[in-house]
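S.K.: Dropping a structure here in structure tokens format, bear with me for questions.
The values are calculated or read from the model by the stated rules, or taken from the named source; none is laboratory data. Only a predicted model underlies this, so the values are computations on that prediction, with no experimental measurement involved. Here the Cβ is made from the backbone with ideal geometry for all residues, glycine too, and neighbour counts use every protein chain on show. With ligands, DNA and RNA removed, areas are computed over all heavy atoms of the protein, side chains included. Shrake-Rupley method; radii C 1.70, N 1.55, O 1.52, S 1.80 Å.
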Amino acid sequence: MSDVRLRRNEICYVTLLFFLNVHTVIGVWPKPQIVATSMEQYSLNPGNFKFQYASNSAAQLGCSVLDAAFKRYYSLIFPDYNAGPRDRHHLFEAKPYLLYIHVTQGGCESYPNPESSESYKLNVSTNQAELRTETVWGALRGLETFSQLVYQDDLGTYFVNKTEIEDFPRFQFRGILLDTSRHYLPVEAILKTLDAMSYSKFNVFHWHIVDDPSFPYQSRTFSDLSNKGAFHPMTHVYTQTDVRRVISHARLRGIRVLPEFDSPGHTQSWGKGQPGLLTPCYRGITPSGTFGPVNPATGSTYKFMTRLFKEVASVFPDSYIHLGGDEVDFTCWKSNPDVRQFMQKMGFGNYFTKLESFYMENIVNITSMLNRTAIVWQDVFDHHERIPKDTVLHIWKGTPAQYREELSRITKTGHGVLLAAPWYLNHISYGQDWHSAYTVQPLNFSGTEEQKKLVIGGEVCMWGEYVDATNLSPRLWPRASAAAERLWSDEKQTSSVTLAFPRLKEFRCMLLRPSLCLLATAGMSTRVCDEQSSWNRSVH
């Protein structure tokens, strides 16, 4: 996969500069917290540009995250540069431009975690720029910002303006969900999405890896889950090597990988490879031959789940695991005499929400013993289920008024919250529907300041009923970038879609194919960049 992405320094942007007669950038996306820039510009010679670890930086040569990032970002900053003999001759004639990186903490070989700092300070001046951060993850965000500051004039010379930036994310959790069960997504499509996520400073890949239609995760412990539950046991699975590749690719971009194994509902594919796991449904006193959710009334269920999640915790390094818990249909449970007998024994009466609560409490306890924090969909809270205080609730449904009320109720109990309801981007509508994603106000609900601190972030969801590798990128981008700015930037500075549009248009334009941007120089409007259907910074 080529990692070379076209930047704003392409000719489409140069054309815009020519007509505006402004020799500066329109702005970084997502917008930094504090920016000071001037008309003073410095030319950059690709042959004399160098990333340099500061002498007192905790990270030095050999830091896997930053060494890889330097190679990546050199190609992103200078996408059309190929050093030849003539260029090498001029290496000794031009003064070098150095980008110094100073990291105060180590962690080069670790994984990003929920507490990782992503703040950075960037100072661009004559002959050098300085990027100061606490962590390598903040350095990645600063490198992305610097790459967006570089542009070209109509002769192809690279420039960067005198700039000072102090930046940090508004929310710590900024995620994108991909559903790989309803349509299998090739690993390459996932990797390209991770690339695009890093450009907009997303930091969590929520991998909804299995569901009713298929079980593509290839388990070491329970091989029949994918052998019998995947669309194809060889071509439509994620091997352990595939999973490691995704996790490694994400780590080098400062992205956490959050796995979801949703139960007790959404588990039809599980039952094909694990007999006895699902609840047999009855028609009267006779089994119907169909199956419902996971059977919560048998001890074998919890033994299986313990072994499965022990494996999941060993494969996925993140401290969070998503346990699902949504849309459980009680019809089959109600029909099954063994389940009803179990409920009477437990004193649940006919309240099937209590049975669901019993199941989810057991699953959460299993993951707690594995030192993992559980995330569950809001249904678990709505059904009054008892869950540990550190469990994070994930809001996925409702109108704005309804999810605001849900935010208020959940945070009042002291639980952390993720907001996804306004960012279901698998839904599409005519026109510039990025507006609705951009104008979300995550903290606009009734509650104290302490309650609002419990909103740890939000997530863009791309469910797979009508999405596969052929339409994933144009369905996600640039609409997901609208949510990215909402989750990263100061809300007061980014409240206007009118002011945001030129920056988002430019951000999208710089990721398109060179041929499309070249059209703009032939007398065509730069609007051509906004009328194409692909997002080329990650998809070539």
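S.K.: Kindly indicate whether residue 107 is under 27 Å from the mean Cα position of the chain (by Cα) and among the small types (Gly, Ala, Ser).
M.R.: Yes; evaluated as a whole, the condition is true for this residue.
S.K.: Looking only at region 332-354, which residues are closer than 12 Å to residue 292 by Cβ and either out of contact with any Ser or Thr (no Cβ under 9 Å at 6 or more places or on another chain) or not polar (S, T, N, Q) (or both)?
M.R.: Scanning region 332-354 gives 332, 333, 334, 339, 352.
S.K.: Pairs under 6 Å by beta carbon, first residue in contact (Cβ under 8 Å) with a residue 24 or more places away in the chain and farther than 29 Å from residue 373 by Cα in region 322-348, partner of a type outside the set (A, V, I, L, M) and open to solvent by 30 Å² or more (accessible area, probe 1.4 Å), six or more apart or different chains?
M.R.: 335/282; 336/282
S.K.: Looking at (1) touching a residue at least 60 places away in the same chain (Cβ under 8 Å); (2) surrounded by 15 or more Cβ atoms within 10 Å (Cβ to Cβ); (3) in a loop (DSSP other than H, G, I, E, B), find the lone condition where residue 465 falls short.
M.R.: Single failed check for residue 465: (2).
S.K.: Go through region 286-340 and give me each residue that's more than 30 Å from the chain's Cα centre (by Cα) and of a type in the set (D, E, K, R).
M.R.: Answer for region 286-340, where residues must be more than 30 Å from the chain's Cα centre (by Cα) and of a type in the set (D, E, K, R): 303, 334, 338, 340.
S.K.: Next question, about the same structure. If residue 86 satisfies all but one of (1) assigned to a helix (DSSP H, G or I); (2) modelled with pLDDT of 95 or more; (3) among the charged types (D, E, K, R), what's the number of the condition it fails?
M.R.: If we test residue 86 against (1) assigned to a helix (DSSP H, G or I); (2) modelled with pLDDT of 95 or more; (3) among the charged types (D, E, K, R), just (2) comes out false.
S.K.: Something else about it: Please verify whether residue 310 is farther than 24 Å from residue 231 by Cα and of a type outside the set (Ser, Thr, Tyr), treating the condition exactly as stated.
M.R.: Yes; evaluated as a whole, the condition is true for this residue.
S.K.: Turning to a different aspect of this structure: Do any strands (runs of 3 or more DSSP E) lying entirely in region 120-231 carry at least 1 residues that are free of Cβ contacts under 8 Å to residues at least 60 places away in the same chain, and which ones are they?
M.R.: 120-125, 128-133, 204-208
S.K.: Here's another thing I want to ask about it. Quick one: in region 147-157, which of the residues that are crowded, with 21+ Cβ neighbours inside 10 Å and touching a Ser or Thr at 6+ places or on another chain (Cβ under 9 Å) is nearest to residue 80 (Cα to Cα)?
M.R.: Only one residue fits best here, namely 151.
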